[in-house]
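**Q** Please find one structure pasted underneath; my questions will follow.
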Amino acid sequence: MPELPEVETLRKYLEETSLHQKITGFSAVDAKRQITMPLDEFRQGIVGRKMVKTTRIGKHLLVTLDNGNVLSLHFGMTGDLHYYRIPEDAPRFERATFFFDSGFKLAFVDSRKFGRIGLWESKTVYKTAKKLGPDALDISEAELKKNLRKRKSPLKPALLDQKILAGIGNWLVDEILFQAKLHPEIIAAELTDPELQNLLQAMQNVLQISIEKEAIYRELPVSFLIHSREWDESPHPEKDAHKNCPRCKTEIIRTVVGGRATYLCPQCQPT
Ligand SMILES: [Zn+2]
């Protein structure tokens, strides 16, 4: 699933390819499913406009048009973007296409079809409609403290709640808690100030490094827990299991917290 680092990479891709060109058309394979409003209305809202600015809240990519309206792109499970000109370069699973007056096209690629495209009056309207908290990369210590102090739940599900902060998915939260040396089941509201500062610093670090590596996870530092995860798509799950902590060499535990597969080091992350 595209997480914050992938969406940040897609944001930069759209920014570098598609801005300041007049949109001349739009098509969608299954508009009822993919577009959050009637296709005619959506087309009317974007044709003749230019994309002028990109922003991101968590896993949501927002593109401001030259009339101030905002296009939303959510990538679901498998969404991606591909900018091209000649039909031979059209990607597989192209589900929707923006046509530009330059002759280029921006394709929304999505094999599993969970991606969604919409048009909104402003970023604020979108944020409110989707009940999104502050972006995980931008959230301040004060905001994080305020949002977590309200939660009597374990820390991991609190951090996955997009209302508390937007953009953290399952592997990211495990990585952040491992780097911050915090157990996923400590109560969110009971975090001390130094624990909160560690958490914020680990979050910014993990996100920044993942973005620098353009979300190519095998290139992440060896000090990351991610290399000890047993990915569903791993060709050798038995061989890859039971890896040890990159810090203290204790065997990594796989457990379930808040219904989600969770990896942690019992030595580095005590309860
Ligand atoms: Zn350890």
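Each value in this text was obtained by applying a stated rule to the coordinates, not by laboratory testing. The structure displayed is predicted, hence computed values, not measured ones. Cβ sites come from the backbone with ideal geometry, for glycine too, and all protein chains shown count toward neighbours.
**Q** Kindly write out, for the range 213-219 in residue order, the coupling ³J(HN,Hα) from the Karplus curve 6.51 cos²θ - 1.76 cosθ + 1.60 (θ = phi - 60°), rounded to whole Hz, with x marking Gly and Pro.
**A** 7, 6, 6, 8, 6, 5, 8
**Q** For the range 4-129, with only Lys/Arg (+1) and Asp/Glu (-1) charged at the beta-carbon, what is the dipole magnitude about the Cα centre, in debye rounded to 20?
**A** So the dipole magnitude of the range 4-129 works out to roughly 280 debye.
**Q** Here's a follow-up. What ranking do 154-161, 10-17, 108-115 get when scored by the average of other Cβ atoms within 10 Å per residue, highest first?
**A** Final packing ranking: 154-161, 108-115, 10-17.
**Q** Counting each DSSP H run of 4 or more residues in the chain as -39500 (n - 2.57), what helix-only mean residue ellipticity at 222 nm follows after dividing by all residues, to the nearest 500 deg cm²/dmol?
**A** My calculation for the chain gives -9000 deg cm²/dmol from helical runs alone.
**Q** Same structure, new question: Take the residue pairs LYS131/LYS156; LYS113/LYS243; LYS59/LYS163; LYS150/LYS249; LYS163/LYS249 and return only those whose Cα atoms are more than 24 Å apart.
**A** Over 24 Å Cα-Cα: LYS113/LYS243; LYS150/LYS249; LYS163/LYS249.
**Q** Give me the angle, in degrees from 0 to 90, between the Cα long axis of helix 193-212 and the longest principal axis of the Cα atoms of the chain, rounded to the nearest 10.
**A** On a 0 to 90 degree scale, this one is about 50.
**Q** Relative to the first principal axis of the alpha-carbon coordinates of the chain, what is the inclination of helix 170-180, with its axis defined by its Cα atoms, in degrees from 0 to 90 and to the nearest 10?
**A** Compared with the principal axis, the helix lies near 40 degrees.
**Q** How large is the dipole of the chain about the Cα centre if only Lys and Arg carry +1 and Asp and Glu carry -1, each at its Cβ, rounded to the nearest 20 debye?
**A** So the magnitude is around 660 debye.
**Q** Using +1 at the Cβ of each Lys and Arg and -1 at the Cβ of each Asp and Glu in the range 32-125, identify which of ILE46, PHE114, PRO91 lies farthest towards the dipole's positive end.
**A** PHE114
**Q** Follow-up question, since we're still on this one. Using only Cα atoms, tell me the angle between helix 4-18 and the longest principal axis of the chain; keep it within 0 to 90° and round to the nearest 10.
**A** Relative to the chain, helix 4-18 is tipped by roughly 20 degrees.
**Q** Could I ask something else about it? What is the dipole size for the range 127-271, taken about its Cα centre, with +1 at each Lys and Arg Cβ and -1 at each Asp and Glu Cβ, in debye to the nearest 20?
**A** It comes to approximately 480 debye.
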